Amino acid sequence: MITLKGKGVYGGIAIGRIAFFRRRGVDVRRHTVSDPQAELDRFMRAKKQALRELKELYEKALRDIGESGARIFEIHGMMLEDDDYNDSVVNTIRVEKVNAEYAVSTAAENFSMVFSSMDDPYMKERAADIRDISNRLVMALAGKKGDRSEADEKERIVCADDLAPSETMQLDRDKVAAFVTAEGSVNSHTAILARTMGIPAVIAVGKELFEAKDGVEVIVDGFTGNVYLSPDQKTMTAMRARMEEDRKAKALLQKYKGMDNVTLDGTRIDVFANIQGLREVGAALLNDAGGIGLFRSEFLYLDRSDFPDEEEQFQVYKTVLQSMGGKKVVIRTLDIGADKQVGYFNLEKEQNPAMGMRAIRICLTRPEIFRTQLRALLRASVFGTLAIMFPMITSVEEVLSIRETVEEVRKELEKKRIATSPDTELGIMIETPAAAVISDLLAPLVDFFSVGTNDLTQYTLALDRQNQSVAPFFDPHHEAVLRLIALAAENAHRHGKWIGICGELGSDPELTETFLRMGIDELSVSPAYILPLRDQIRNTDLSDPPQKRKEPNAT
Ligand code: PEP
Ligand code: MG
């Protein structure tokens, strides 16, 4: 057994076999299509093939093992014909104009999540069946027979040097039990994605990872950051026990569903979800999110060869708003740049992209991109409770210019008699020290603030969040960061505005009490952290004198 040590970025244990990430691999990828009808036809053909295969399997099993063993293939056939499942695939192809493989894997993910969350053990087991039939469909779409090889039966632990956000997003989540990277930093978007997806992940284990081979058995402990290659029996037994403990702890948290986010002394706070796209809406709902506090809309722009047009964006925003059934949805305008590079934006190569042409700076200098997104957002606003949020703000002028553009776009739409909601809130991210320091000047101009602690920490401490070698200096609990958040909260409230936190610090249980005492109104976290956070809030008593926090830099 070899033990590699890295950093756990999402707690959880996974046992499986190594599958090295191949950049030209066969994982299901999302791409947009010009002819959705052709994809619908492909889907129908694949479904027919899958049904034929299942019938053959049923007959073979009936002969070999009898009626009770064969029944599963009959159930799979029924699931393949299920109206809800089929509608979900068809709508995703139609609305998102995407390939059938992606639509099938999205439906598989959403439905398997719904089944896994059920109390009835029989229904719970159907989650695996949904994945199975979806896998069969994907294989049929690729022109292959859907009976999985032995290697596919194992849970895959995806290993790579590092994964770009777009690559992480493309992983077929149904087959990925965990991921491990040789490099990477805790605050990178890849780590954030692992948390959003709720997949155990360990990063920065070092190059020794490549001494292992595909198919080697591995245990990933996302709690401690340990990765055990070819584990011995003792470790295997201990980790299986830990896995069971974790499963029980997560099951216990289910009791918090439907409960308020209220402290023992009666202080309330909203707990919302961070999402990257339609895919995570199911997870947000299943984990009882009070709304969406951060929809990172730039993920719509990644992993494709051209801009998403207004109609495509409109359909996605509308679907999220409708799915959230009137709960608030904060959509952040695109935050491209820095680690989220997209070729067709034709951005110049920069020495220091984190401080370069990023986010609102692109929008303000390339108004055609900004206006297209704003048109899509404002059109969608009538389908729910929308709030639009702008990233990387540093000045009053930027906010005034944004407001002017929003008003112009709104008027253009009105002229064309296209309805927009008058209640759409406009807010900004507080993720630069400049924005926090002048938050007294910014608050009167907006409806809300949301603190992006990931960037606020990087810019306050002058520490690149992507750079693993400065990780030991990265201290998100640094007093400077906390004081900037407190200052922004004070200024927001002085002007009657609400303030949330949507950076990773929002889910840090060590700071929940601190944020509650600052009067933060909303915490927006990855869906899997909502119930643990509710647990933390409900066990906090603000009538107790504050616990003195350890000064992080004190010696
Ligand atoms: C942040 O900076 O904290 C934030 C939420 O934005 P992102 O992580 O997408 O940069
Ligand atoms: Mg940010």
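The values are calculated or read from the model by the stated rules, or taken from the named source; none is laboratory data. Since we're looking at a predicted model, the values are computed, not measured. Every residue, glycine among them, receives a Cβ derived from its backbone with ideal geometry; neighbour counts consider all protein chains shown. All accessible areas refer to the heavy atoms of the entire protein, side chains included, with ligands and DNA or RNA removed. Shrake-Rupley method; radii C 1.70, N 1.55, O 1.52, S 1.80 Å.
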Subset of LYS213/LYS248; LYS327/LYS497; LYS327/LYS416; LYS327/LYS415 violating a 26 Å alpha-carbon distance limit: LYS213/LYS248; LYS327/LYS416; LYS327/LYS415
Using a Cα-Cα cut-off of under 22 Å, which lysines could be cross-linked to LYS55, ignoring same-chain neighbours fewer than 8 residues away? LYS47, LYS144, LYS145
Using the Cα gyration tensor of the range 161-268, with a ≥ b ≥ c the square roots of its eigenvalues, what is the shape: rounded (a/c below 1.5), prolate (a/b larger than b/c) or oblate (neither)? oblate
Ignoring ligands, DNA and RNA, what percent of the accessible area of the chain is carbon or sulfur (1.4 Å)? 52 percent
P(r) tail fraction, the range 274-423 - alpha-carbon pairs more than 28 Å apart, %: 18 percent
With +1 on the Cβ of every Lys and Arg and -1 on the Cβ of every Asp and Glu, and nothing else charged, how large is the dipole of the chain about its Cα centre, in debye rounded to the nearest 20? 500 debye
In debye, nearest 20: dipole of the range 433-555 around its Cα centre with unit charges on the Cβ of K, R (+) and D, E (-)? 100 debye
On a 19 Å Cα-Cα criterion, which of the cross-link pairs LYS97/LYS318; LYS124/LYS234; LYS5/LYS207; LYS7/LYS207 come out too long? LYS124/LYS234
Once you order the gyration tensor axes a ≥ b ≥ c over the Cα atoms, which shape class does the range 415-555 get: rounded for a/c under 1.5, otherwise prolate or oblate by comparing a/b with b/c? prolate
Per residue, how large is the accessible surface of the chain? Use a 1.4 angstrom probe and give square angstrom. 44 Å²
Averaging over every viewing direction, what projected area does the convex hull of the Cα atoms of the range 269-538 cover, in nm²? 13.7 nm²
Near THR224, within a Cβ-to-Cβ distance under 14 Å, what is the net charge of the other residues, with Lys and Arg +1 and Asp and Glu -1? 0
Work out Dmax and Rg for the chain from the C-alpha atoms and quote the Rg first, both in angstrom. 23.9, 77
For the full complex of protein chains and a 1.4 angstrom probe, list PHE473, PHE449, PHE223 by accessible area with the highest value first. PHE473, PHE223, PHE449
Value at 222 nm in deg cm²/dmol, rounded to 500, when DSSP H runs of n ≥ 4 in the chain each add -39,500 (n - 2.57): -14000 deg cm²/dmol
Compare the Cα positions of PHE383, PRO422, ALA435 along the charge dipole of the range 296-447 (+1 at Cβ of Lys, Arg; -1 at Cβ of Asp, Glu; about the Cα centre) and return the one farthest towards the positive end. PHE383
Dipole of the range 249-365, positive end: most advanced residue of ILE292, LEU252, GLN351 [Cβ charges, Cα centre]: LEU252
